[in-house]
Amino acid sequence: MSGDGALIASGVMHGFAGIKVLDGVDLGIPRGGILAILGPSGSGKTTLLHILGGLLTPDAGRIERPFERPAFVFQDPLLLPWRTARGNVAFGLAGQRLSRAERLSRVRSMLIKVGLGHDDAGLYPHQLSGGMKKRVALARALAVEPDFLLLDEAFSALDVGLSREMQQLVRLDAQERGVTVALVTHDLSEAVRLADRAVVLAGRPGRIVARLSIDRPARLRDDAFVDAEIRRITALDMIRDAFRPMLSG
Amino acid sequence: MPRISWRRLAGGGERRWAMLGLVIIVGLWEIGHRAYGDFVLPSPWATLLALGRLGAGGELGPAVLTTARDALSGFIVATLAGSLLGGLAGRSRPAKAMLQPLATILIGVPAIAWVVLSLLWFGGSGLAATFSVAVAVGPLVFVAAAQGTRTVDGGLRTMARAFRVPLGARIVDVYLPHVLSHLLPALGTALAMSWKVAVMAELLTGAGGIGDGLAAARAEVDTAKTMAWVVAVVALLLIVDRLIIEPVRRYFETWRRGLPGEAA
(Lines give C-alpha, C1' and ligand atoms only; values in the text may rest on other atoms or scores of the structure.)
Protein backbone atom coordinates (compact mmCIF):
# COMPACT_ATOMS: atom_id res chain seq x y z
CA MET A 1 0.00 0.00 0.00
CA SER A 2 1.24 3.39 -0.86
CA GLY A 3 1.60 5.73 2.09
CA ASP A 4 -0.48 8.63 0.88
CA GLY A 5 -3.25 6.53 -0.64
CA ALA A 6 -2.62 7.67 -4.19
CA LEU A 7 -3.56 5.76 -7.30
CA ILE A 8 -0.48 5.04 -9.36
CA ALA A 9 -0.33 3.39 -12.75
CA SER A 10 2.97 2.75 -14.44
CA GLY A 11 3.88 1.28 -17.79
CA VAL A 12 0.31 0.17 -18.53
CA MET A 13 -0.05 -1.69 -21.79
CA HIS A 14 -3.14 -3.48 -23.08
CA GLY A 15 -4.56 -5.00 -26.21
CA PHE A 16 -7.65 -6.80 -27.44
CA ALA A 17 -7.35 -9.78 -29.78
CA GLY A 18 -3.75 -8.92 -30.60
CA ILE A 19 -4.43 -5.25 -31.36
CA LYS A 20 -2.65 -2.92 -28.98
CA VAL A 21 -4.99 -0.30 -27.51
CA LEU A 22 -2.86 1.30 -24.80
CA ASP A 23 0.89 1.69 -24.76
CA GLY A 24 3.12 2.76 -21.91
CA VAL A 25 0.65 4.79 -19.88
CA ASP A 26 1.95 6.30 -16.63
CA LEU A 27 -0.23 8.38 -14.37
CA GLY A 28 -1.00 9.11 -10.77
CA ILE A 29 -3.90 10.63 -8.85
CA PRO A 30 -3.25 11.79 -5.27
CA ARG A 31 -5.91 10.87 -2.73
CA GLY A 32 -8.86 13.21 -3.20
CA GLY A 33 -7.63 14.32 -6.61
CA ILE A 34 -9.78 14.49 -9.73
CA LEU A 35 -8.18 13.34 -12.96
CA ALA A 36 -9.82 13.80 -16.34
CA ILE A 37 -8.87 11.43 -19.14
CA LEU A 38 -9.40 13.25 -22.42
CA GLY A 39 -8.98 12.16 -25.96
CA PRO A 40 -10.69 11.49 -29.26
CA SER A 41 -12.88 8.41 -29.50
CA GLY A 42 -11.01 5.18 -30.03
CA SER A 43 -7.95 6.34 -28.11
CA GLY A 44 -8.44 3.80 -25.31
CA LYS A 45 -10.01 6.06 -22.65
CA THR A 46 -12.61 3.55 -21.51
CA THR A 47 -10.07 0.72 -21.53
CA LEU A 48 -7.75 2.78 -19.35
CA LEU A 49 -10.59 3.59 -16.95
CA HIS A 50 -11.52 -0.08 -16.65
CA ILE A 51 -7.88 -0.92 -15.93
CA LEU A 52 -7.67 1.79 -13.28
CA GLY A 53 -10.86 0.46 -11.70
CA GLY A 54 -9.65 -3.13 -11.69
CA LEU A 55 -12.22 -4.44 -14.16
CA LEU A 56 -9.49 -5.32 -16.64
CA THR A 57 -6.05 -6.70 -15.92
CA PRO A 58 -3.53 -4.98 -18.16
CA ASP A 59 -1.21 -7.07 -20.32
CA ALA A 60 1.71 -5.25 -18.76
CA GLY A 61 2.26 -2.58 -16.15
CA ARG A 62 1.57 -2.00 -12.50
CA ILE A 63 -1.40 -0.42 -10.75
CA GLU A 64 -1.43 0.64 -7.12
CA ARG A 65 -5.01 0.98 -6.10
CA PRO A 66 -5.34 1.47 -2.33
CA PHE A 67 -9.14 1.74 -2.26
CA GLU A 68 -11.88 -0.18 -0.50
CA ARG A 69 -15.03 0.96 -2.25
CA PRO A 70 -14.72 1.77 -5.93
CA ALA A 71 -17.85 2.84 -7.80
CA PHE A 72 -18.46 3.20 -11.51
CA VAL A 73 -20.72 5.17 -13.76
CA PHE A 74 -20.48 3.47 -17.13
CA GLN A 75 -20.98 4.92 -20.57
CA ASP A 76 -24.25 2.97 -20.82
CA PRO A 77 -26.35 3.22 -17.68
CA LEU A 78 -26.30 -0.61 -17.26
CA LEU A 79 -29.42 -0.77 -15.11
CA LEU A 80 -31.12 -4.06 -14.29
CA PRO A 81 -34.26 -3.98 -16.46
CA TRP A 82 -36.25 -5.98 -13.88
CA ARG A 83 -35.52 -3.61 -10.99
CA THR A 84 -37.06 -0.21 -10.35
CA ALA A 85 -34.86 2.89 -10.13
CA ARG A 86 -34.88 2.36 -6.37
CA GLY A 87 -33.95 -1.31 -6.70
CA ASN A 88 -31.11 -0.47 -9.06
CA VAL A 89 -29.56 2.01 -6.66
CA ALA A 90 -29.95 -0.51 -3.84
CA PHE A 91 -28.23 -3.17 -5.96
CA GLY A 92 -24.98 -1.18 -5.79
CA LEU A 93 -25.14 -1.53 -2.01
CA ALA A 94 -25.65 -5.30 -2.06
CA GLY A 95 -22.04 -5.88 -1.08
CA GLN A 96 -22.17 -3.70 2.02
CA ARG A 97 -23.24 -4.56 5.51
CA LEU A 98 -26.12 -2.19 6.00
CA SER A 99 -29.42 -2.57 7.75
CA ARG A 100 -32.48 -2.55 5.52
CA ALA A 101 -33.60 0.80 6.87
CA GLU A 102 -30.17 2.31 6.39
CA ARG A 103 -29.99 1.03 2.84
CA LEU A 104 -33.44 2.37 1.98
CA SER A 105 -32.77 5.79 3.43
CA ARG A 106 -29.46 6.05 1.59
CA VAL A 107 -31.14 5.04 -1.67
CA ARG A 108 -33.97 7.51 -1.19
CA SER A 109 -31.79 10.48 -0.32
CA MET A 110 -29.40 9.78 -3.18
CA LEU A 111 -32.27 9.56 -5.69
CA ILE A 112 -33.57 12.88 -4.45
CA LYS A 113 -30.10 14.39 -4.79
CA VAL A 114 -30.01 13.47 -8.48
CA GLY A 115 -33.49 14.91 -8.89
CA LEU A 116 -35.64 11.78 -8.98
CA GLY A 117 -38.68 11.92 -6.75
CA HIS A 118 -40.72 9.25 -5.05
CA ASP A 119 -42.81 8.49 -8.15
CA ASP A 120 -39.79 8.15 -10.43
CA ALA A 121 -38.08 5.85 -7.94
CA GLY A 122 -40.75 3.20 -8.49
CA LEU A 123 -40.36 3.16 -12.29
CA TYR A 124 -38.56 0.47 -14.26
CA PRO A 125 -35.66 1.48 -16.56
CA HIS A 126 -37.77 1.08 -19.72
CA GLN A 127 -40.13 3.71 -18.31
CA LEU A 128 -37.31 6.22 -17.74
CA SER A 129 -35.80 8.66 -20.25
CA GLY A 130 -32.14 8.39 -21.23
CA GLY A 131 -31.16 11.23 -18.94
CA MET A 132 -33.08 9.76 -16.02
CA LYS A 133 -31.32 6.41 -16.49
CA LYS A 134 -27.98 8.18 -16.38
CA ARG A 135 -28.98 9.87 -13.15
CA VAL A 136 -30.03 6.54 -11.61
CA ALA A 137 -26.61 5.16 -12.56
CA LEU A 138 -24.95 8.17 -10.92
CA ALA A 139 -27.08 7.73 -7.79
CA ARG A 140 -26.10 4.06 -7.67
CA ALA A 141 -22.43 5.01 -7.71
CA LEU A 142 -22.68 7.82 -5.14
CA ALA A 143 -24.86 5.78 -2.78
CA VAL A 144 -21.93 3.43 -2.27
CA GLU A 145 -20.07 6.38 -0.69
CA PRO A 146 -17.05 5.40 -2.75
CA ASP A 147 -13.46 6.28 -1.96
CA PHE A 148 -12.65 5.91 -5.67
CA LEU A 149 -15.17 7.07 -8.25
CA LEU A 150 -14.80 6.23 -11.93
CA LEU A 151 -16.96 8.12 -14.40
CA ASP A 152 -17.17 7.20 -18.07
CA GLU A 153 -18.96 9.96 -19.99
CA ALA A 154 -21.26 10.16 -16.99
CA PHE A 155 -22.82 13.49 -17.96
CA SER A 156 -23.02 13.09 -21.71
CA ALA A 157 -26.71 12.16 -22.14
CA LEU A 158 -27.89 15.04 -19.96
CA ASP A 159 -28.93 18.47 -21.15
CA VAL A 160 -26.59 21.34 -20.31
CA GLY A 161 -28.28 22.58 -17.15
CA LEU A 162 -28.72 19.13 -15.69
CA SER A 163 -25.22 18.06 -16.61
CA ARG A 164 -23.83 21.09 -14.73
CA GLU A 165 -25.97 20.23 -11.72
CA MET A 166 -24.75 16.64 -11.68
CA GLN A 167 -21.13 17.77 -12.07
CA GLN A 168 -21.63 20.05 -9.10
CA LEU A 169 -23.08 17.14 -7.12
CA VAL A 170 -20.10 14.94 -7.87
CA ARG A 171 -17.64 17.73 -7.10
CA LEU A 172 -19.20 18.55 -3.72
CA ASP A 173 -19.52 14.90 -2.77
CA ALA A 174 -15.91 14.23 -3.76
CA GLN A 175 -14.60 17.24 -1.85
CA GLU A 176 -16.63 16.51 1.24
CA ARG A 177 -15.45 12.93 1.59
CA GLY A 178 -12.05 13.20 -0.09
CA VAL A 179 -12.98 10.88 -2.94
CA THR A 180 -10.42 10.15 -5.61
CA VAL A 181 -12.05 10.55 -9.04
CA ALA A 182 -11.06 9.42 -12.52
CA LEU A 183 -13.35 10.63 -15.26
CA VAL A 184 -13.37 9.95 -18.96
CA THR A 185 -14.81 12.61 -21.20
CA HIS A 186 -14.53 14.04 -24.65
CA ASP A 187 -15.96 17.33 -23.39
CA LEU A 188 -13.19 19.77 -22.49
CA SER A 189 -15.49 22.03 -20.50
CA GLU A 190 -16.49 19.13 -18.26
CA ALA A 191 -12.83 18.42 -17.55
CA VAL A 192 -12.04 22.07 -16.93
CA ARG A 193 -14.96 22.46 -14.56
CA LEU A 194 -14.31 19.33 -12.49
CA ALA A 195 -10.76 18.11 -12.70
CA ASP A 196 -7.58 19.37 -11.11
CA ARG A 197 -5.43 17.50 -13.59
CA ALA A 198 -5.96 15.91 -16.96
CA VAL A 199 -4.20 13.59 -19.35
CA VAL A 200 -4.84 13.53 -23.07
CA LEU A 201 -4.75 10.16 -24.79
CA ALA A 202 -4.29 10.01 -28.53
CA GLY A 203 -3.15 7.77 -31.32
CA ARG A 204 -3.52 4.05 -31.91
CA PRO A 205 -2.39 2.52 -29.64
CA GLY A 206 -3.31 5.27 -27.19
CA ARG A 207 -0.48 7.11 -25.48
CA ILE A 208 -0.53 10.08 -23.16
CA VAL A 209 0.34 13.03 -25.40
CA ALA A 210 -0.25 15.84 -22.92
CA ARG A 211 -0.63 16.43 -19.21
CA LEU A 212 -2.50 19.45 -17.95
CA SER A 213 -3.19 20.85 -14.56
CA ILE A 214 -5.97 23.23 -13.68
CA ASP A 215 -4.87 25.06 -10.59
CA ARG A 216 -7.75 27.28 -9.59
CA PRO A 217 -9.99 25.67 -6.90
CA ALA A 218 -13.03 24.11 -8.55
CA ARG A 219 -15.56 26.22 -6.65
CA LEU A 220 -13.96 29.41 -8.01
CA ARG A 221 -14.17 28.38 -11.65
CA ASP A 222 -16.79 30.57 -13.27
CA ASP A 223 -17.86 30.50 -16.92
CA ALA A 224 -15.29 33.12 -17.89
CA PHE A 225 -12.51 31.05 -16.34
CA VAL A 226 -13.74 27.88 -18.05
CA ASP A 227 -13.89 29.61 -21.44
CA ALA A 228 -10.44 31.11 -21.02
CA GLU A 229 -9.02 27.79 -19.88
CA ILE A 230 -10.53 25.93 -22.83
CA ARG A 231 -9.04 28.53 -25.18
CA ARG A 232 -5.66 28.18 -23.51
CA ILE A 233 -5.77 24.36 -23.73
CA THR A 234 -7.01 24.14 -27.30
CA ALA A 235 -4.24 26.48 -28.33
CA LEU A 236 -1.62 23.91 -27.27
CA ASP A 237 -0.17 22.13 -30.29
CA MET A 238 -0.37 18.69 -28.69
CA ILE A 239 -4.05 19.09 -27.96
CA ARG A 240 -4.80 20.53 -31.34
CA ASP A 241 -3.19 17.53 -33.03
CA ALA A 242 -4.96 15.04 -30.79
CA PHE A 243 -8.37 16.58 -31.29
CA ARG A 244 -7.96 17.78 -34.84
CA PRO A 245 -10.80 15.74 -36.34
CA MET A 246 -13.15 16.87 -33.58
CA LEU A 247 -12.22 20.54 -33.45
CA SER A 248 -12.63 21.01 -37.16
CA GLY A 249 -15.94 19.15 -37.13
CA MET B 1 -64.55 7.33 -15.18
CA PRO B 2 -65.22 6.23 -18.73
CA ARG B 3 -61.72 4.80 -19.30
CA ILE B 4 -61.92 2.24 -16.53
CA SER B 5 -65.36 1.01 -17.50
CA TRP B 6 -64.06 0.67 -21.05
CA ARG B 7 -61.24 -1.53 -19.84
CA ARG B 8 -63.57 -3.65 -17.80
CA LEU B 9 -65.80 -4.07 -20.82
CA ALA B 10 -62.82 -5.14 -22.93
CA GLY B 11 -61.77 -7.67 -20.31
CA GLY B 12 -65.29 -9.05 -20.09
CA GLY B 13 -65.41 -9.16 -23.88
CA GLU B 14 -62.21 -11.20 -24.01
CA ARG B 15 -63.61 -13.72 -21.57
CA ARG B 16 -66.80 -13.85 -23.61
CA TRP B 17 -64.81 -14.69 -26.74
CA ALA B 18 -63.02 -17.47 -24.84
CA MET B 19 -66.39 -18.87 -23.79
CA LEU B 20 -67.60 -18.64 -27.38
CA GLY B 21 -64.55 -20.66 -28.50
CA LEU B 22 -65.33 -23.33 -25.96
CA VAL B 23 -69.00 -23.43 -26.98
CA ILE B 24 -67.99 -23.89 -30.62
CA ILE B 25 -65.75 -26.85 -29.72
CA VAL B 26 -68.51 -28.52 -27.70
CA GLY B 27 -70.97 -27.74 -30.52
CA LEU B 28 -68.72 -29.39 -33.13
CA TRP B 29 -68.31 -32.34 -30.78
CA GLU B 30 -72.10 -32.66 -30.51
CA ILE B 31 -72.47 -32.41 -34.31
CA GLY B 32 -69.83 -35.12 -34.74
CA HIS B 33 -71.69 -37.26 -32.26
CA ARG B 34 -74.98 -36.85 -34.16
CA ALA B 35 -73.24 -37.67 -37.46
CA TYR B 36 -71.27 -40.74 -36.36
CA GLY B 37 -73.18 -42.12 -33.44
CA ASP B 38 -72.40 -43.22 -29.89
CA PHE B 39 -69.71 -45.69 -30.69
CA VAL B 40 -67.35 -43.43 -32.62
CA LEU B 41 -67.99 -40.19 -30.72
CA PRO B 42 -70.14 -40.21 -27.59
CA SER B 43 -71.92 -36.94 -26.91
CA PRO B 44 -70.38 -34.39 -24.52
CA TRP B 45 -73.15 -35.15 -22.08
CA ALA B 46 -72.51 -38.92 -22.19
CA THR B 47 -68.81 -38.23 -21.63
CA LEU B 48 -69.62 -36.07 -18.63
CA LEU B 49 -71.83 -38.85 -17.26
CA ALA B 50 -69.03 -41.37 -17.79
CA LEU B 51 -66.67 -39.05 -15.96
CA GLY B 52 -69.20 -38.80 -13.14
CA ARG B 53 -69.41 -42.60 -12.99
CA LEU B 54 -65.61 -42.86 -12.82
CA GLY B 55 -65.63 -40.38 -9.94
CA ALA B 56 -68.45 -42.14 -8.11
CA GLY B 57 -66.88 -45.56 -8.66
CA GLY B 58 -63.70 -44.43 -6.90
CA GLU B 59 -61.53 -44.86 -10.00
CA LEU B 60 -60.97 -41.21 -10.87
CA GLY B 61 -59.38 -39.93 -7.64
CA PRO B 62 -56.55 -42.48 -7.29
CA ALA B 63 -55.87 -42.40 -11.04
CA VAL B 64 -55.55 -38.63 -11.03
CA LEU B 65 -53.23 -38.77 -8.04
CA THR B 66 -51.04 -41.45 -9.62
CA THR B 67 -50.78 -39.57 -12.90
CA ALA B 68 -50.05 -36.32 -11.10
CA ARG B 69 -47.33 -38.09 -9.11
CA ASP B 70 -45.79 -39.63 -12.24
CA ALA B 71 -45.92 -36.45 -14.30
CA LEU B 72 -44.83 -34.04 -11.58
CA SER B 73 -42.01 -36.21 -10.20
CA GLY B 74 -40.57 -36.56 -13.70
CA PHE B 75 -41.13 -32.87 -14.37
CA ILE B 76 -39.34 -31.86 -11.18
CA VAL B 77 -36.35 -34.11 -11.89
CA ALA B 78 -36.23 -32.73 -15.45
CA THR B 79 -36.44 -29.14 -14.21
CA LEU B 80 -33.71 -29.54 -11.61
CA ALA B 81 -31.29 -31.51 -13.77
CA GLY B 82 -32.11 -29.52 -16.92
CA SER B 83 -31.64 -26.09 -15.38
CA LEU B 84 -28.51 -27.10 -13.47
CA LEU B 85 -26.79 -28.64 -16.48
CA GLY B 86 -28.18 -25.94 -18.77
CA GLY B 87 -26.83 -23.23 -16.48
CA LEU B 88 -23.46 -24.95 -16.53
CA ALA B 89 -23.49 -25.26 -20.31
CA GLY B 90 -24.40 -21.60 -20.63
CA ARG B 91 -21.37 -20.54 -18.61
CA SER B 92 -18.71 -22.98 -19.78
CA ARG B 93 -17.80 -23.73 -23.35
CA PRO B 94 -16.43 -27.24 -22.72
CA ALA B 95 -19.57 -28.17 -20.78
CA LYS B 96 -21.72 -26.87 -23.63
CA ALA B 97 -19.67 -28.70 -26.24
CA MET B 98 -20.10 -31.91 -24.25
CA LEU B 99 -23.76 -31.61 -23.27
CA GLN B 100 -25.31 -30.02 -26.37
CA PRO B 101 -25.02 -33.08 -28.64
CA LEU B 102 -26.33 -35.25 -25.83
CA ALA B 103 -29.39 -33.01 -25.52
CA THR B 104 -29.91 -33.06 -29.27
CA ILE B 105 -29.83 -36.85 -29.30
CA LEU B 106 -32.20 -37.08 -26.34
CA ILE B 107 -34.65 -34.70 -28.02
CA GLY B 108 -34.50 -36.84 -31.15
CA VAL B 109 -35.49 -40.06 -29.39
CA PRO B 110 -39.29 -40.47 -29.59
CA ALA B 111 -41.01 -40.30 -26.22
CA ILE B 112 -42.65 -43.68 -26.81
CA ALA B 113 -39.20 -45.25 -27.23
CA TRP B 114 -38.28 -44.01 -23.74
CA VAL B 115 -41.47 -45.56 -22.42
CA VAL B 116 -40.61 -48.94 -23.92
CA LEU B 117 -37.00 -48.78 -22.73
CA SER B 118 -37.92 -47.72 -19.22
CA LEU B 119 -40.44 -50.58 -19.12
CA LEU B 120 -37.61 -52.97 -19.90
CA TRP B 121 -35.33 -51.31 -17.34
CA PHE B 122 -37.69 -50.63 -14.47
CA GLY B 123 -40.51 -53.12 -15.09
CA GLY B 124 -44.04 -52.20 -14.11
CA SER B 125 -43.10 -49.93 -11.20
CA GLY B 126 -44.07 -46.25 -11.09
CA LEU B 127 -40.40 -45.43 -11.64
CA ALA B 128 -40.79 -46.25 -15.33
CA ALA B 129 -43.20 -43.32 -15.83
CA THR B 130 -41.06 -40.91 -13.81
CA PHE B 131 -37.97 -41.86 -15.77
CA SER B 132 -39.69 -41.57 -19.15
CA VAL B 133 -41.01 -38.12 -18.30
CA ALA B 134 -37.70 -36.86 -16.92
CA VAL B 135 -35.64 -38.03 -19.85
CA ALA B 136 -38.15 -36.87 -22.48
CA VAL B 137 -38.68 -33.44 -20.94
CA GLY B 138 -35.25 -32.69 -19.42
CA PRO B 139 -33.52 -31.75 -22.68
CA LEU B 140 -36.18 -29.09 -23.40
CA VAL B 141 -35.44 -27.47 -20.06
CA PHE B 142 -31.71 -27.87 -20.63
CA VAL B 143 -31.77 -26.04 -23.97
CA ALA B 144 -33.79 -23.13 -22.56
CA ALA B 145 -31.60 -22.82 -19.46
CA ALA B 146 -28.40 -22.93 -21.52
CA GLN B 147 -29.72 -20.31 -23.92
CA GLY B 148 -30.84 -18.09 -21.05
CA THR B 149 -27.58 -18.32 -19.15
CA ARG B 150 -25.50 -17.78 -22.26
CA THR B 151 -27.29 -14.57 -23.21
CA VAL B 152 -27.04 -12.78 -19.85
CA ASP B 153 -25.95 -9.20 -20.58
CA GLY B 154 -22.16 -8.93 -20.29
CA GLY B 155 -22.46 -5.26 -19.35
CA LEU B 156 -24.64 -6.07 -16.36
CA ARG B 157 -22.15 -8.73 -15.26
CA THR B 158 -19.32 -6.20 -15.45
CA MET B 159 -21.41 -3.70 -13.53
CA ALA B 160 -22.10 -6.22 -10.75
CA ARG B 161 -18.39 -7.00 -10.57
CA ALA B 162 -17.52 -3.30 -10.45
CA PHE B 163 -19.76 -2.81 -7.42
CA ARG B 164 -18.32 -5.94 -5.80
CA VAL B 165 -21.78 -7.46 -5.48
CA PRO B 166 -21.58 -10.84 -3.71
CA LEU B 167 -22.24 -14.00 -5.71
CA GLY B 168 -25.63 -14.72 -4.12
CA ALA B 169 -27.06 -11.31 -5.04
CA ARG B 170 -25.47 -11.58 -8.46
CA ILE B 171 -27.25 -14.86 -9.15
CA VAL B 172 -30.60 -13.62 -7.84
CA ASP B 173 -30.53 -10.15 -9.40
CA VAL B 174 -28.48 -10.50 -12.59
CA TYR B 175 -28.77 -14.10 -13.76
CA LEU B 176 -32.08 -15.44 -12.51
CA PRO B 177 -34.51 -12.86 -13.95
CA HIS B 178 -32.95 -13.16 -17.38
CA VAL B 179 -32.68 -16.96 -17.32
CA LEU B 180 -36.28 -17.21 -16.13
CA SER B 181 -37.53 -15.22 -19.10
CA HIS B 182 -36.17 -18.07 -21.24
CA LEU B 183 -36.97 -20.86 -18.81
CA LEU B 184 -40.58 -20.15 -17.86
CA PRO B 185 -42.11 -20.56 -21.34
CA ALA B 186 -40.08 -23.76 -21.75
CA LEU B 187 -41.32 -25.03 -18.39
CA GLY B 188 -44.92 -24.48 -19.51
CA THR B 189 -44.30 -26.63 -22.60
CA ALA B 190 -42.37 -29.17 -20.54
CA LEU B 191 -45.19 -29.52 -18.05
CA ALA B 192 -47.77 -30.14 -20.76
CA MET B 193 -45.50 -32.74 -22.30
CA SER B 194 -44.96 -34.35 -18.90
CA TRP B 195 -48.66 -35.29 -18.67
CA LYS B 196 -48.66 -36.77 -22.14
CA VAL B 197 -45.59 -38.90 -21.54
CA ALA B 198 -46.80 -39.96 -18.10
CA VAL B 199 -50.15 -41.12 -19.50
CA MET B 200 -48.35 -42.93 -22.31
CA ALA B 201 -46.07 -44.72 -19.87
CA GLU B 202 -48.98 -45.69 -17.62
CA LEU B 203 -50.90 -47.04 -20.57
CA LEU B 204 -48.12 -49.51 -21.27
CA THR B 205 -47.00 -50.35 -17.72
CA GLY B 206 -50.47 -50.84 -16.30
CA ALA B 207 -49.25 -49.57 -12.93
CA GLY B 208 -52.30 -47.39 -12.36
CA GLY B 209 -53.05 -43.81 -13.34
CA ILE B 210 -55.11 -42.26 -16.09
CA GLY B 211 -53.13 -44.14 -18.75
CA ASP B 212 -54.02 -47.43 -17.10
CA GLY B 213 -57.66 -46.34 -17.07
CA LEU B 214 -57.42 -45.52 -20.77
CA ALA B 215 -56.03 -48.99 -21.46
CA ALA B 216 -58.91 -50.56 -19.57
CA ALA B 217 -61.48 -48.40 -21.40
CA ARG B 218 -59.96 -49.45 -24.70
CA ALA B 219 -60.14 -53.12 -23.71
CA GLU B 220 -63.80 -52.64 -22.84
CA VAL B 221 -64.30 -50.74 -26.12
CA ASP B 222 -65.98 -48.03 -24.05
CA THR B 223 -65.54 -44.82 -26.04
CA ALA B 224 -67.40 -42.63 -23.54
CA LYS B 225 -65.07 -43.79 -20.77
CA THR B 226 -62.04 -43.15 -22.99
CA MET B 227 -63.25 -39.64 -23.70
CA ALA B 228 -63.89 -39.14 -19.99
CA TRP B 229 -60.26 -39.99 -19.17
CA VAL B 230 -59.10 -37.58 -21.88
CA VAL B 231 -61.23 -34.83 -20.39
CA ALA B 232 -59.79 -35.64 -16.97
CA VAL B 233 -56.18 -35.35 -18.09
CA VAL B 234 -56.80 -32.10 -20.01
CA ALA B 235 -58.55 -30.60 -17.00
CA LEU B 236 -55.67 -31.66 -14.78
CA LEU B 237 -53.15 -30.03 -17.10
CA LEU B 238 -55.12 -26.78 -17.22
CA ILE B 239 -55.57 -26.64 -13.47
CA VAL B 240 -51.87 -27.18 -12.73
CA ASP B 241 -50.87 -24.65 -15.41
CA ARG B 242 -53.22 -22.02 -14.00
CA LEU B 243 -52.34 -22.80 -10.38
CA ILE B 244 -48.54 -23.09 -10.60
CA ILE B 245 -46.99 -21.90 -13.85
CA GLU B 246 -49.19 -18.86 -14.49
CA PRO B 247 -48.78 -17.22 -11.04
CA VAL B 248 -45.02 -17.83 -11.12
CA ARG B 249 -44.83 -16.27 -14.57
CA ARG B 250 -46.87 -13.29 -13.50
CA TYR B 251 -44.74 -12.78 -10.39
CA PHE B 252 -41.44 -12.78 -12.25
CA GLU B 253 -42.57 -10.72 -15.20
CA THR B 254 -44.19 -7.73 -13.48
CA TRP B 255 -41.37 -5.53 -14.72
CA ARG B 256 -42.26 -6.27 -18.33
CA ARG B 257 -45.54 -4.39 -18.06
CA GLY B 258 -45.55 -1.52 -20.49
CA LEU B 259 -42.64 -2.81 -22.54
CA PRO B 260 -43.34 -2.63 -26.27
CA GLY B 261 -45.38 -5.66 -27.25
CA GLU B 262 -46.49 -6.44 -23.70
CA ALA B 263 -49.93 -5.91 -22.22
CA ALA B 264 -50.15 -2.99 -19.80
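The values are calculated or read from the model by the stated rules, or taken from the named source; none is laboratory data. In this text, all values refer to a predicted model and were calculated from it rather than measured experimentally. Backbone-built Cβ (ideal geometry, glycine too); neighbour counts: all protein chains shown. Note: accessible area is taken over every heavy atom of the protein model, side chains too, but ligands, DNA and RNA are not part of it. Shrake-Rupley method; radii C 1.70, N 1.55, O 1.52, S 1.80 Å.
The listed residues A:SER99, B:SER118, once ranked by accessible area (1.4 Å probe) with the largest placed first, stand as A:SER99, B:SER118. Charged neighbours of B:GLY208, selected by a Cβ distance under 12 Å, balance to -3 (K, R count +1; D, E count -1). Note on chain B: GNM, Cα springs under 10 Å; of B:TRP45, B:TRP229, B:TRP17, the largest mean-square fluctuation is that of B:TRP17.
Between the alpha-carbon centres of segment B:141-166 and segment B:108-122 there is a gap of 36 Å. Accessible surface calculations at 1.4 Å, restricted to protein heavy atoms, place chain B at 56 Å² per residue. Other residues lying with their Cβ under 11 Å from the Cβ of A:ARG204 contribute a combined charge of +1, Lys and Arg counting +1, Asp and Glu -1.
Under 14 Å from the Cβ of B:VAL64, count the other residues' Cβ atoms, weight Lys and Arg +1, Asp and Glu -1, and hand me the total. So the environment of B:VAL64 carries a net charge of -3. Relative to the longest principal axis of the Cα atoms of chain B, the long axis of helix B:127-150 lies at roughly 30 degrees.
Remark: mean inter-chain Cβ contacts per residue of A:77-85 equal 5, using a 10 Å Cβ-Cβ cutoff to other protein chain atoms.
Taking the C-alpha atoms only, the angle from helix A:237-248 to the longest principal axis of chain A is near 60 degrees. Looking at A:ALA235, B:ALA78, A:LEU78, which one has the Cα that reaches farthest to the positive end of the dipole of the protein assembly as shown (charges on Cβ: Lys, Arg +1; Asp, Glu -1)? With unit charges placed on the Cβ atoms, the residue in question is A:ALA235.
Across segment B:22-29, coupling constants 3J(HN,Hα) worked out from phi with the 6.51/-1.76/1.60 Karplus curve, θ = phi - 60°, read 5, 4, 4, 4, 5, x, 4, 4 Hz, and Gly and Pro carry x. Ligands, DNA and RNA aside, A:ARG211 has an accessible area near 140 Å² when probed at 1.4 Å.
Computed on chain B, with alpha-carbon pairs under 8 angstrom and 6+ residues apart, the relative contact order is 24 percent. Counting every C-alpha pair in the protein assembly as shown, the share spaced more than 46 angstrom apart comes to 36%.
Largest GNM mean-square fluctuation across A:GLY130, A:GLY161, A:GLY15, computed for chain A with C-alpha springs under 10 Å, falls on A:GLY161.
3J(HN,Hα) along segment A:197-214: 8, 8, 10, 10, 9, 7, x, 10, x, x, 10, 7, 9, 7, 10, 10, 9, 10 Hz, from the Karplus curve 6.51 cos²θ - 1.76 cosθ + 1.60 with θ = phi - 60°, whole Hz, x for Gly and Pro. Would you please classify the overall shape of segment B:154-264 from the alpha carbon gyration tensor, given that a ≥ b ≥ c denote the square roots of the eigenvalues, rounded means a/c under 1.5, and beyond that prolate means a/b larger than b/c while oblate covers the rest? Here segment B:154-264 falls in the prolate category. DSSP assigns beta bridges within chain A; of those with both partners inside it, close to 50 percent run antiparallel. Heavy-atom accessible surface of A:ASP187, to the nearest 10 Å², is about 60 Å², with a 1.4 Å probe and all protein chains retained.
Separation of segment A:145-165 and segment A:37-103, taken as the distance between their Cα centroids, equals 13 angstrom. Comparing B:ALA113, B:ALA192, B:ALA219 in a Gaussian network model of chain B, where Cα atoms under 10 Å apart are tied by springs, the biggest mean-square fluctuation is seen for B:ALA219. Each Cα pair of chain A feeds into the Kirkwood radius, which the Stokes-Einstein equation turns, at 37 °C and 0.692 mPa s, into a diffusion coefficient of 176 µm²/s.
Surface composition of the protein assembly as shown: carbon and sulfur make up 62 percent of the accessible area, probe 1.4 Å. Working from Cα pairs under 8 Å separated by at least six residues, relative contact order for chain A is 27 percent.
For the protein assembly as shown, the residue among A:LEU188, B:THR67, A:LEU150 whose Cα projects farthest onto the positive side of the dipole built from Cβ charges is A:LEU188.
Only Cα sites of segment B:39-253 enter the Debye sum here, all with the same form factor; the resulting log10 I(q)/I(0) across q = 0.13 1/Å is -0.79, listed in q order.
About its Cα centre, the protein assembly as shown has a charge dipole of approximately 620 debye under the convention of +1 per Lys or Arg Cβ and -1 per Asp or Glu Cβ, with nothing else charged.
A:ASP119 contributes about 120 Å² of solvent-accessible surface, heavy atoms of the protein only, 1.4 Å probe.
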